[in-house]
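Report on the structure given below.
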Amino acid sequence: MTILEANRFSSLVGEIYDAAVDPAQRSAALEQVAGFVGGSAVTILSRDAARLSIEIHQHYGTESRFRELYRDRYVELDPLLDRHLDLPVEQTIGVADVMPYSDFVATSFYREWVEPQGAVDLATVTLERSNVRTTILQVMRGRSRGTVDDAMRERMRLLAPHIQRSRIMGRQIRARSHTVADLAEVLDALSTAICLFDADGRVVHANAACRQMLADGDLLAIVGDRIVVRNTQADKIFRSLFDAVADGGTSSADRRRIELMTSADGQHYLAHAFSLTPQRSLQRDAAASVLFLQKASMVPQLATDAIAAAFRLTPSEMRVLTAIVALGGVPDIAAKLGIAETTVKTHLGRLFEKTGAGRQADLVKIAAGFAAPFVQATGPDDVV
């Protein structure tokens, strides 16, 4: 291979890998493959191990009607295809390697499928073989180039591993893209605000609920790529959560740690943060920790029956618990329910006794544990 040919080969390999990232470049890359090896058409196809079907993955230079004819009729007449079920991967063969060329031109496969496309020969190389299927690169040799020669075999052998690695990379990239997109869609459906941070505390991803919370700015705001907290009490709790994460707090106790934060407008939020990985050396933009924030409010039709059954609460006790979550203070609860403060305190004592809680904040946490994260808000006061 001359220096010019080596440079051309290097450039082609780059185009092959570029096609893994950008599928729109696949056809152009196959065109370059055809030119480099001296072919007129290129097809990447696979044959199942039972030899019952084929799948054409990529192609260049072959009309659709000939692809359909090959798949429906002539695949069984191809003298090269099934030879690759037993050949080593990356071994290139031409027709002359499996049968006399004079016998090949007498076949209906040559007369009815190869020759009408202006071709005189075929060469194939195995790209990948598993227990399920074998994938090959098939290159047709145009009439002007003559039959397959050793130079063509060698060039196809050199390109085969790069084409296959590009295919694997493409599959991984697509799978990752689908996974990320699917995960983002799931996270956006949650009413709980979720924010992912890298090892340096920069925001990597925020779901829809978190983005809305940041836009509202009552509890949190974002400056650059970092989150800031709007008041001293919430900021202290926020920092304590992430101090525990930074210290490697991955024990079950750390993971169960939930704090109650209060926004500037008096709304209560449950906050929970933990590390996603114990590794210290993470790439930039890799998610290292996660923060969950949920407004401490109730959806009575969803949560009250479950809470009442779990702790054997009376209807009056359940009304007081719901009011605690929504309002907080005893005077406000008494005014809202139209009962005496002493009555509220009596119910509050029974709630502590039945739930094991020691303070109102613990009652809020217990109640929030019965909320359904996928429930969508139906109004400005129905956030869950």
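Summary of values
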item	result
Any hit, the range 149-168, residues being in the same structural domain as ARG83 (by the TED database), touching a Gly at 6+ places or on another chain (Cβ under 6 Å) and surrounded by 14 or more Cβ atoms within 10 Å (Cβ to Cβ)	yes
Count - residues of the range 336-361 that are surrounded by 14 or more Cβ atoms within 10 Å (Cβ to Cβ), of a type in the set (Val, Ile, Thr) and farther than 19 Å from ARG312 by Cβ	3
Segments classed as helices (runs of 4 or more DSSP H), wholly inside the range 1-99, with at least 1 members that are among the polar types (S, T, N, Q), surrounded by 13 or more Cβ atoms within 10 Å (Cβ to Cβ) and assigned by the TED database to the domain that holds LEU127	26-37
Exclusive hit being touching a His at 6+ places or on another chain (Cβ under 6 Å), of a type in the set (A, V, I, L, M, F, W, C) and either modelled with pLDDT of 85 or more or open to solvent by less than 50 Å² (accessible area, probe 1.4 Å) (or both), set ALA309, ALA372, ALA296	ALA296
Test for VAL132: is it open to solvent by less than 10 Å² (accessible area, probe 1.4 Å), closer than 27 Å to ARG171 by Cβ and hydrophobic (A, V, I, L, M, F, W, C)	no
Top-ranked residue of the range 113-127 - restricted to ones that are free of Cβ contacts under 8 Å to residues at least 40 places away in the same chain and open to solvent by 10 Å² or more (accessible area, probe 1.4 Å), ranked as farthest from ASP18 (Cα to Cα)	GLU115
Checklist (1) in the same structural domain as HIS84 (by the TED database); (2) surrounded by 19 or more Cβ atoms within 10 Å (Cβ to Cβ) applied to ILE194, failing item	(1)
Tabulated pairs, the range 348-368, first at negative phi, second open to solvent by less than 40 Å² (accessible area, probe 1.4 Å) and in a loop (DSSP other than H, G, I, E, B), C-beta under 6 angstrom, 6+ apart or interchain	LEU363/ALA357; VAL364/ALA296; ALA368/ALA296
Every residue from the range 210-235 that is open to solvent by 60 Å² or more (accessible area, probe 1.4 Å), more than 16 Å from ALA296 (Cβ to Cβ) and over 30 Å from the mean Cα position of the chain (by Cα)	ARG230, THR232
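The values are calculated or read from the model by the stated rules, or taken from the named source; none is laboratory data. Remember, it's a predicted structure, so these values are computed and weren't measured experimentally. Positions of Cβ are backbone-derived with ideal geometry, glycine not excepted, and every protein chain shown enters the neighbour counts. Accessible surface is based on the protein model in full, side chains and every heavy atom, while ligands, DNA and RNA are left aside. Shrake-Rupley method; radii C 1.70, N 1.55, O 1.52, S 1.80 Å.
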